[in-house]
Every structure is written in C-alpha cells, then in structure tokens.
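The values are calculated or read from the model by the stated rules, or taken from the named source; none is laboratory data. Since this is a predicted model, take the numbers as computed values, not measurements. Heads up, the Cβs are rebuilt from the backbone with ideal geometry, glycines too, and the neighbour counts pull from every protein chain shown. Just the protein is used for accessible areas: all its heavy atoms, side chains included, with ligands, DNA and RNA removed. Shrake-Rupley method; radii C 1.70, N 1.55, O 1.52, S 1.80 Å.
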Amino acid sequence: MSEERYGEFVLVRRHGDGGDGAVGPVAELVLDRPKAMNAVSTEMARSIAGACTALGADRDVRVVVLTSTHERAFCVGADLKERNSFSDAELVRQRPVARGAYTGVLELPVPTIAAVHGFALGGGFELALACDVIVADRTAVVGLPEVSVGVIPGGGGTQLLPRRVGAARAAELIFTARRVEAAEARELGLVDQLVEEGRDREEALALGARIAANSPVGLRAAKRALRLGQGLDLRAGLEVEDAAWRAVAFSGDRAEGVAAFNEKRKPEWPGE
C-alpha cells in the first residue's frame, strides 16, 4: 500500500499492488480532518478537488473508495465556523472552491464507493451521494439539514437525492431537515448496503477490489453510460449506451476478455 497526502486534510492510499511495487487499482480517498469531524473547510475542499483531479487522470486507478479517519463521523458537512467568519464577498469567492470538491467526486470517471459510519450530514452526505454506491454501518446517521440553518443543499443534494429516492421522498427529507438512522436509511434507499458496526471501510474496500478485477476500459465506459443516460428518455439513453459500447468493442480489453474466457484463464487487462 502506498500513500500520498493532498494538503493537511486529505490522504490517498493505493491498495492491491501485489507486492511487486506496481500501483494498485483501488484508491482510497481519505477524509482526514478528525479534530473537526471532517467538516469541509476551504482548504479541505481544495484538497479533495485536487486529489480527484489526480485520480481521474491516473489510468491505473479502477475504483475509488471514499473513507473517513474519524471514529464517529464520515463528514459533518461544510465548516460553518469558517463560514460564519466570511463576508458576503468572501462567501461568493469560496463557492466555486466548495463546488469543486463535490463535482470532483461526482465526475470521477471510475466507479466510486462511499464507506459511511456515524454522521454524514449536509455536505458530508452529498459527498457520499456523489458516489455510485454507499456502504454504511449501523452507526450511520445521514441527512440534508441545510434549510434548518437558512440555506439549501449546495453540493448536489437537491439533484442527486431525488435520483436515488424519487422527488417526493427527497422533498420530504430536504424540507424537514431530519436525520435518518442507518436502518431507515437502507429501507429508503439513502444507502445501498448496511453492514455491521465498524465494517464499512473493510466492506467498501472489498467491494472495490471485486469491481477492480474487471476491465478498466469496460468500467469507465459503463460508468459513462450510466451517468450520461440519467434523465434521458429510453431511446436517447440507448444511443448513449451504443456509443459507450462502440468505444470498448474494439479495445484491447475486449480482445483479452474474450480470449481469457475461451482459454479458461484470468484476464490480464491491457487497460486500453
């Protein structure tokens, strides 16, 4: 496992190198501001965005798993203490930096998994919503409480939550600002997998390893088709899918995958 730090509050760990010094295909994007329960400050937002830019450009990365070092929280959202000190002009200047963190996770070209325990509130839950799959343990408490402090979800929550649970359910959750505990969160579809307490990171990394065993070309194309097809009518969505299929059909990964299947062996993906 290798590690690289982005600023003071973000760490990237690389897993699955097989001991030969090669870079592993599963990258763990670690929120590491434990003294503030991972509240997203301007500096931390800039670091998340920078880490995502680097991970997105790295063709060796097949999966990104978003985790936390805090024992009782995934992320409690925006740093409201910092925000309280801002003038209106400073808040305007900070907005694109904050957005960069959420869009950085959302626009990662590979499958993404959030490993959630404890509080994932406001912008913290929006970071999880930006991922493709959310694995939560039984201590998880999620919610978008922004209207209770006079704002609205601004990290994608008003758009991502209804895509998960439907417009009416999202409206109820956002308008009431209520916190949802793990069992109900799983029942409502706010999280995808519910695991035993303390196992969210382990299970998310294991899921990431299973995904990373597949074709890197196929994974990126499948994610692109899934994301670009959202909100389109069926005919338009099928055209998106066809374009993604054509992008992989003549790839080295496709040739290797078919050959490995017929030769009854594990594929050695060229990644192109």
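Here the chain is treated with +1 on each Lys and Arg Cβ and -1 on each Asp and Glu Cβ, and its dipole about the Cα centre works out to around 360 debye. Label the range 176-272 by shape, choosing from rounded, prolate and oblate, from the square roots a ≥ b ≥ c of the eigenvalues of the Cα gyration tensor; if a/c is under 1.5 it is rounded, and otherwise prolate applies when a/b is larger than b/c, oblate when it is not. It is oblate, given that a/c is not under 1.5 and a/b is not larger than b/c. Per-residue ellipticity at 222 nm computed for the chain from its helices equals -14500 deg cm²/dmol, with DSSP H segments shorter than 4 residues left out and the rest contributing -39,500 (n - 2.57). By accessible area, using a 1.4 Å probe on protein heavy atoms only, the range 105-257 has 56% of its surface on carbon and sulfur.
What does a probe at D88 reach in the range 149-190, counting residues whose amide N is under 20 Å from the point 7 Å along Cα→Cβ? In the range 149-190, the label zone of D88 (backbone N under 20 Å from the point 7 Å along Cα→Cβ) covers 149-152. Just to verify a number: FRET efficiency for R138 and T158, C-beta to C-beta distance, R0 = 22 Å, to 0.05? FRET efficiency, R138 to T158: 0.20. Loop-resident GluC sites (Glu not before Pro) (DSSP state other than H, G, I, E or B) in the range 179-243 with no more than 15 further Cβ atoms inside 10 Å of their Cβ: E196, E197.
The residue list F9, F175, L55 was ranked by how far each Cα lies along the charge dipole of the chain toward its positive end, using unit charges on Cβ atoms, and F175 comes out on top. Computed over the chain, the percent of Cα pairs more than 28 Å apart is 37. Full extension of the chain between A243 and R178 yields a length gain of 19.3 nm, computed as 0.36 nm times the residue separation minus the alpha carbon distance. The residue list L31, G104, A209 was ranked by how far each Cα lies along the charge dipole of the chain toward its positive end, using unit charges on Cβ atoms, and G104 comes out on top.
Could you tell me which residue out of L160, G252, L129 lies farthest along the dipole of the chain toward its positive end? Charges go on the beta carbon: Lys and Arg +1, Asp and Glu -1, centred on the Cα centre. Final value for the positive-end residue is L160.
The range 46-100 and the range 208-272 have Cα centres lying 29 Å from one another. Looking at the P(r) of the range 78-177, how many percent of alpha-carbon pairs lie beyond 15 Å? Tail fraction, whole percent: 64.
Normalised per residue, the accessible area of the range 1-155 is 42 Å², obtained with a 1.4 Å probe and no contribution from ligands, DNA or RNA. The trypsin sites (Lys or Arg not before Pro) found in the range 87-183 that occupy coil by DSSP, while having at most 13 further C-beta atoms within 10 Å, are R178. From the square roots a ≥ b ≥ c of the eigenvalues of the alpha-carbon gyration tensor of the range 150-201, which class results: rounded (a/c under 1.5), prolate (a/b over b/c), or oblate? Prolate, because a/c is 1.5 or more and a/b exceeds b/c. For K35, which lysines qualify as cross-link partners when the Cα separation must be under 16 Å and same-chain residues fewer than eight apart are set aside? Partners found: K81.
Sorting the segments 145-157, 260-272, 101-113 by their residues' average number of neighbouring beta-carbon atoms within 10 angstrom, most packed first, yields 101-113, 145-157, 260-272.
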